[in-house]
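S.K.: Quick one: structure below, then a few questions.
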Amino acid sequence: MKKLFLLRHAKSSWDNPNLSDFQRPLNNRGIGNASDLSDFLIKKNIYPDSVLVSSSYRTLETLELAGKHISADLINIKDAIYHASVDTLLDLLETQENEGTLLMVGHNPSMHYLTELLTGTIIDKFPTCALAEIELTTSWVDIRHASHTLVNFYTPKDYARSRT
């Protein structure tokens, strides 16, 4: 069974007005949430076969903290994920081949909209560092032509609870 994990980057900082949106780093809360997510992913035995990540600083920093257990050779940095439309994200997903489990790290609103489109599930809010776990019912090439299952939707509160 193929699985897709959609991760919205962790909370970023707006403290430096000289940085562009693309260059913004994580703030302290984001660093803590991404670190908690790392422990959570290991505890849940979530090891992706491949990772697609936006090239923005905050998504790369989120992946660095949350994906400590992920081998660097599995990571593919994609400029197209930054400010991507859902169609662009689907185009990227359709090019995947044999990956059983794929993690995509990106931005809102596209992570939110993509989750709803693929699963037919309405999500009230897709907060920073939230993770959607989607079980696919088709191959990657046919991903946009079927309804898939939202298995879990994790938020930073879930990660913090997993520490206790």
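The values are calculated or read from the model by the stated rules, or taken from the named source; none is laboratory data. Please read all numbers here as calculations on a predicted model, not as lab measurements. So basically every Cβ, Gly included, is an ideal-geometry build from the backbone, and we count neighbours across all protein chains shown. Calculation scope for accessible area: heavy atoms of the full protein, side chains included, ligands and nucleic acids excluded. Shrake-Rupley method; radii C 1.70, N 1.55, O 1.52, S 1.80 Å.
S.K.: Looking only at region 139-161, filter to residues that are among the aliphatic types (A, V, I, L, M) and assigned to a strand (DSSP E or B); which one of those is least open to solvent (accessible area, probe 1.4 Å)?
M.R.: For region 139-161, the residue satisfying everything is 150.
Results for (1) closer than 22 Å to residue 100 by Cβ; (2) touching a residue at least 24 places away in the same chain (Cβ under 8 Å); (3) of a type in the set (D, E, K, R), shown as yes or no for each residue.
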position	(1), (2), (3)
122	no, no, no
125	no, no, yes
128	no, yes, no
132	yes, yes, no
135	yes, yes, yes
151	yes, yes, no
158	no, yes, yes
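S.K.: Moving on. Counting residues that are open to solvent by less than 70 Å² (accessible area, probe 1.4 Å), in contact with a Ser or Thr (Cβ under 7 Å, 6 or more places away or on another chain) and more than 19 Å from residue 156 (Cβ to Cβ), which helices (runs of 4 or more DSSP H) fully inside region 42-138 reach at least 1?
M.R.: 86-94, 110-119
S.K.: Another question, then. Considering only residues of region 2-21 that are of a type in the set (A, V, I, L, M, F, W, C) and at pLDDT below 95, which is surrounded by the most Cβ atoms within 10 Å (Cβ to Cβ)?
M.R.: Among those residues, the one meeting the criterion is 19.
S.K.: Next up: Taking the options 67, 30, name whichever one is at pLDDT 95 or above and in contact with a His (Cβ under 9 Å, 6 or more places away or on another chain).
M.R.: 30
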